[in-house]
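Remarks on the structure that follows.
The values are calculated or read from the model by the stated rules, or taken from the named source; none is laboratory data. On a predicted model such as this, the values are computed, not experimentally measured, just so you know. Don't worry about glycine lacking a Cβ; one is built from the backbone with ideal geometry, like all the others, and counts go over all protein chains shown.
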Amino acid sequence: MQILGIMKILGLLIALFSITLLPPIAVSLWYMDQAHDAFILSLLIILTTGAMCWFPARHYRGELRFRDGFLIVVLIWVVLSIMAAIPLLLVHRPELRIVDALFESTSGLTTTGATILTAIDDLPLSVLYYRQQLQWLGGMGIIVLAVAVMPALGVGGMQLYRAETPGPMKDHKLTPRITETAKAIWRIYLGLTVLCGASYYFAGMSVFDAISHAFSTVAIGGFSTHEASLGYFQSNAINLVATVFMLLAGLNFALHFSAFRFRRVAVYINDPEAKAYFGLLLLTIMLTVMTLHHHQVYEQLSDNIVQGMVQVVSIVTTTGFTTTNFSIWPTFIPILLILLSTAGGCAGSTAGGMKIIRMLLLFKQGAREISKLVHPSALIPIKLGGKPVPDNVVNAVWGFLSLYIFSYAILLIMLLATGADLTTAFSAVTACLNNLGPGLGDVSRNYASISDTGKIILTFAMVLGRLELFTLLVLFTPVFWKG
């Protein structure tokens, strides 16, 4: 284990993170909300912490190993979540305890969108902006950003990129050089953010709200600057903008790269994961709208369509915006939406969940096993886009599913042991492990009623889901620490 190398990169990334407090300071000074002192002090604390990690290892020039990348990534997400909690502890409003501040900051960085805050509309604008910015930074990964803008991290860059980037296709690079790959991802990410913000503004949002919601939309985070989330605006135009950009952010960013580079929309149409993604969303929207219309939840058919469409896209892509309290919708719809968040978006997107490509491979594997019951001697390959999928990829997906179920069961039992009721515990664990945010029962609005022990459990679940299980759980195996 290259301890000095780990300390050097950890220190550099913490110092880089301290710079991200400059925009909230500027917002505080612009709106004169009296929170700038807390952000300035936080910046100094975080910068000093980063310097203390970096200084003893500043002369290290060794090569990082792939195993080191896993440890760095986990440390970064844990340490940055702690660092990100400091401003929330120091500001006068809201007055948060350590557990609550850590829960909120982790939820932001992991793009979960679960919150313990109430009366959000009354908070200082700089605090509201800070929460949104946390989600934007966490959306594509602070480490991918670092690889893109810090040539000093070119050594070991691939180890960091592979360990942090979500999805089963993480070995694929968009360009030959890993630094250029990271830059390409961030250009697309930034471009979508700018387009989304401009669209929100022209749809009727203020500049502040447009920027803030663009951050959380493209990051598929779900934090809002208002207690009622998107429902605050009561605007079908804003709902439409949110839906479009949630859909785009839930697609594989490699598809966006290819479509832009070759000027071909067909790359989306020909991609099997994208087709499954849109097919699942369309089917769920139709089912939800028909149920809402049948039970006359809204008087106008158009309202049933808009509310159903926005909420389905928001929940299934694990964004977590709400236009209404979907937890009180009739029959099976709330449970269906929470369960479908397990699928999430496409691999290589900012969405949470297991990813559509894994669900697709699991479905094809199940269909193959049924076929082999009838033809036991047949060799039936699993194909995606007409190409056979290697057995090691299919085995990895099965391994991921088994770890997901095992982790989910343990977290659910632990949360139930804290005194949470079954509905609350089920939806809270599902929402946090899938980086969704809103749940059912006591967590349909916020997580303030969850016990401190429960919040710690759910905070762990957020990081576990953000790192897609393997990256974090590998640290708990003896084989990782041997040799």
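Considering the stretch 371-393, the residues that are assigned to a helix (DSSP H, G or I) and either without any contact (Cβ under 8 Å) to a residue 24 or more places away in the chain or in contact with a helix residue (DSSP H, G or I) (Cβ under 6 Å, 6 or more places away or on another chain) (or both) include one that is nearest to residue 464 (Cα to Cα), namely 392.
Tallying residues that are closer than 20 Å to residue 281 by Cβ and assigned to a helix (DSSP H, G or I) within the stretch 331-370 yields 17. Look at (1) in a helix (DSSP H, G or I); (2) among the β-branched types (Val, Ile, Thr); (3) touching a residue at least 24 places away in the same chain (Cβ under 8 Å) and you find that residue 405 fails only one, number (3). Restricting the stretch 388-400 to residues that are closer than 17 Å to residue 477 by Cβ and surrounded by 15 or more Cβ atoms within 10 Å (Cβ to Cβ) leaves a set whose member that is modelled with the lowest pLDDT is 396. Checking each residue in the stretch 225-275 for being within 19 Å of residue 309 (Cα to Cα), within 18 Å of the chain's Cα centre (by Cα) and surrounded by 17 or more Cβ atoms within 10 Å (Cβ to Cβ) picks out 229, 242, 243, 245, 246, 248, 249, 250, 251.
Quick one: which of 48, 20 is without any contact (Cβ under 8 Å) to a residue 40 or more places away in the chain and not hydrophobic (A, V, I, L, M, F, W, C)? Going through 48, 20 in turn, just one is without any contact (Cβ under 8 Å) to a residue 40 or more places away in the chain and not hydrophobic (A, V, I, L, M, F, W, C): 48.
The condition (being surrounded by 12 or more Cβ atoms within 10 Å (Cβ to Cβ) and touching a Cys at 6+ places or on another chain (Cβ under 9 Å)) is satisfied by just one residue among 403, 384, 411, 415: 411. Within the stretch 329-351, being in contact with a helix residue (DSSP H, G or I) (Cβ under 6 Å, 6 or more places away or on another chain) and within 19 Å of residue 439 (Cβ to Cβ) holds for 333, 334, 337, 338, 340, 341, 343. Scanning the stretch 281-304 for residues that are closer than 17 Å to residue 243 by Cα, modelled with pLDDT under 95 and buried (at least 16 other Cβ atoms within 10 Å of the Cβ) returns a single hit, 304. If I filter the stretch 427-448 for residues that are loosely packed, with under 15 Cβ neighbours inside 10 Å and of a type outside the set (Gly, Ala, Ser), do I get at least one hit? Checked against the condition, which is being loosely packed, with under 15 Cβ neighbours inside 10 Å and of a type outside the set (Gly, Ala, Ser), the stretch 427-448 yields no hits at all. Pairs are defined by a Cβ separation below 9 Å, a sequence spacing of at least 6 or placement on different chains, a first member in the stretch 464-482 that is more than 23 Å from residue 139 (Cβ to Cβ), and a second member that is of a type in the set (Val, Ile, Thr) and assigned to a helix (DSSP H, G or I); the pairs so defined are 474/74; 475/74; 480/474. When you check residue 363 against the structure, is it farther than 23 Å from residue 255 by Cα and either of a type outside the set (D, E, K, R) or touching a residue at least 24 places away in the same chain (Cβ under 8 Å) (or both), yes or no? Considered against the rule, which asks whether it is farther than 23 Å from residue 255 by Cα and either of a type outside the set (D, E, K, R) or touching a residue at least 24 places away in the same chain (Cβ under 8 Å) (or both), residue 363 comes out as no. Restricting attention to the stretch 79-96, the residues that are part of a helix (DSSP H, G or I) and not β-branched (Val, Ile, Thr) total 9. The number of residues in the stretch 25-67 that are closer than 12 Å to residue 6 by Cα, in a loop (DSSP other than H, G, I, E, B) and small (Gly, Ala, Ser) comes to 1.
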